[in-house]
1. Looking at (1) more than 13 Å from the ligand (Cβ to nearest atom); (2) under 24 Å from Leu207 (Cα atoms), can you tell me which one Val89 breaks?
2. Quick test for you: out of Tyr246, Tyr216, pick the one residue that is more than 16 Å from the ligand (Cβ to nearest atom), out of contact with any helix residue (DSSP H, G or I) (no Cβ under 6 Å at 6 or more places or on another chain) and hydroxyl-bearing (Ser, Thr, Tyr).
3. When the residues of the stretch 60-117 are filtered to those that are farther than 27 Å from Asn139 by Cβ and hydrophobic (A, V, I, L, M, F, W, C), which remaining residue is surrounded by the most Cβ atoms within 10 Å (Cβ to Cβ)?
4. Those residues that are in contact with a Gly (Cβ under 7 Å, 6 or more places away or on another chain) and of a type in the set (D, E, K, R), I need them from the stretch 231-256; list them, please.
5. Among the listed residues Asn100, Asn74, Asn125, identify the single one that is without any contact (Cβ under 8 Å) to a residue 60 or more places away in the chain, out of contact with any Leu (no Cβ under 6 Å at 6 or more places or on another chain), within 24 Å of Leu54 (Cα to Cα) and polar (S, T, N, Q).
6. Taking the stated definitions as given, is Thr204 touching a residue at least 40 places away in the same chain (Cβ under 8 Å), closer than 27 Å to Met44 by Cβ and β-branched (Val, Ile, Thr)?
7. Under the condition of being more than 16 Å from Val89 (Cα to Cα) and of a type outside the set (Val, Ile, Thr), which residue from the stretch 135-154 is surrounded by the fewest Cβ atoms within 10 Å (Cβ to Cβ)?
8. In the stretch 26-67, which residues are within 14 Å of Ala240 (Cβ to Cβ), in contact with a strand residue (DSSP E or B) (Cβ under 7 Å, 6 or more places away or on another chain) and not in a helix (DSSP H, G or I)?
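Each reported figure results from applying straightforward, stated rules to the coordinates on display, with no laboratory input. Quick caveat: nothing in here was measured; it's all calculated off a predicted structure. Neighbour counts run over all protein chains shown; Cβ positions are idealised from the backbone, glycine included.
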Amino acid sequence: MNENVCKKLCDMFSLEGKVVVMTGAAGAIGSELSRGLAEVGAEMVLCDLNQERLDELAEEIKGAGGKAVAKKLNLLNISEIEPCVKEIVEECGKIDVLINMAGINKRQALFDGDEETFDRIIGVNLKGAYFMSQAVAENMKENKNGSIINVASYNAVMMLGGNCIYGASKSGVAALTRSQAIEWAKYGIRSNALSPGHISTVLTAPLWDDPVRSKYMLDRIAMARPGKPEDLLGMTVLLASDASAYMSGMLYHVDGGCLAGGQPWEI
Ligand SMILES: NC(=O)c1ccc[n+]([C@@H]2O[C@H](COP(=O)([O-])OP(=O)(O)OC[C@H]3O[C@@H](n4cnc5c(N)ncnc54)[C@H](O)[C@@H]3O)[C@@H](O)[C@H]2O)c1
């Protein structure tokens, strides 16, 4: 590739020198994106409940020449958030990008929902993202710069059966994104939501492993295949980098043409 083209692209999209904090980093999508972001220069701070997986991932990224540190964090214990963020700022000097990736689901029909499940799903997916953002934005505000990427879902705007609590949490994430965009723009903070379509991971295995449900989903994906975690990397790099300097407050769907209408009938 022409040298000038390479330089221009690098200047726009490179994450070199940026500290990227990601919750849920040990999960399927989180670990794939952490590897990818580290490859384009990000200094990754990997946060998750799962210490063992986090340590393995940090070692793997460092082994490949990238930068990564692991921080155990349980988002259901809100009191853990502030000390964790303080420690990150002390060790890394600043936070440029926050990716609120941690998310859980338990599929229940509306009549079957129980309070404990409701509190856990909302607690991780929405309350966790809210308080993590609040703590990190204090540092971004001081630096007058920052990008927040909240991970939403197809269920933030459409709905699969049995996903009410999860969908409500992800619709809440979309509202949180818009609030952050309008209230924190004056501090140089942008906030956007990455909204994955139907990605094949452990979280969605109960759907992909079921012939009826997997056919239902495939019929609704124009590209006629499940998404892979790596399909989300391009949008994540864009939202984390300066290439998206004027983008804020929006939900970006990466869904293989699902919301566009899925597969057409024979024409
Ligand atoms: N897989 C999909 O098709 C899909 C589609 C749309 C959106 N999403 C969203 O993408 C994100 C990642 O999904 P995934 O498929 O990689 O799931 P995953 O289960 O593989 O990863 C989720 C991670 O969150 C962590 N986590 C759970 N509770 C936590 C807590 N209390 N504190 C800290 N970390 C906690 C888990 O340990 C896990 O590593 C989630 O927000 C999910 O809702 C996934």
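1. Just one mismatch for Val89, condition (2).
2. Working: Tyr216 fails: more than 16 Å from the ligand (Cβ to nearest atom).
Just one listed residue meets the conditions, Tyr246.
3. Ala64
4. First, the residues of the stretch 231-256 that are in contact with a Gly (Cβ under 7 Å, 6 or more places away or on another chain): 233, 253-256.
If the condition is that a residue be in contact with a Gly (Cβ under 7 Å, 6 or more places away or on another chain) and of a type in the set (D, E, K, R), then Asp255 is the only one that fits.
5. On the way: Asn100 fails: without any contact (Cβ under 8 Å) to a residue 60 or more places away in the chain; Asn74 fails: out of contact with any Leu (no Cβ under 6 Å at 6 or more places or on another chain).
Sole residue among the options that is without any contact (Cβ under 8 Å) to a residue 60 or more places away in the chain, out of contact with any Leu (no Cβ under 6 Å at 6 or more places or on another chain), within 24 Å of Leu54 (Cα to Cα) and polar (S, T, N, Q): Asn125.
6. On the way: touching a residue at least 40 places away in the same chain (Cβ under 8 Å): no; closer than 27 Å to Met44 by Cβ: yes; β-branched (Val, Ile, Thr): yes.
For Thr204, the condition - touching a residue at least 40 places away in the same chain (Cβ under 8 Å), closer than 27 Å to Met44 by Cβ and β-branched (Val, Ile, Thr) - is not met.
7. Tyr154
8. Result: Ala42, Glu43, Met44, Val45.
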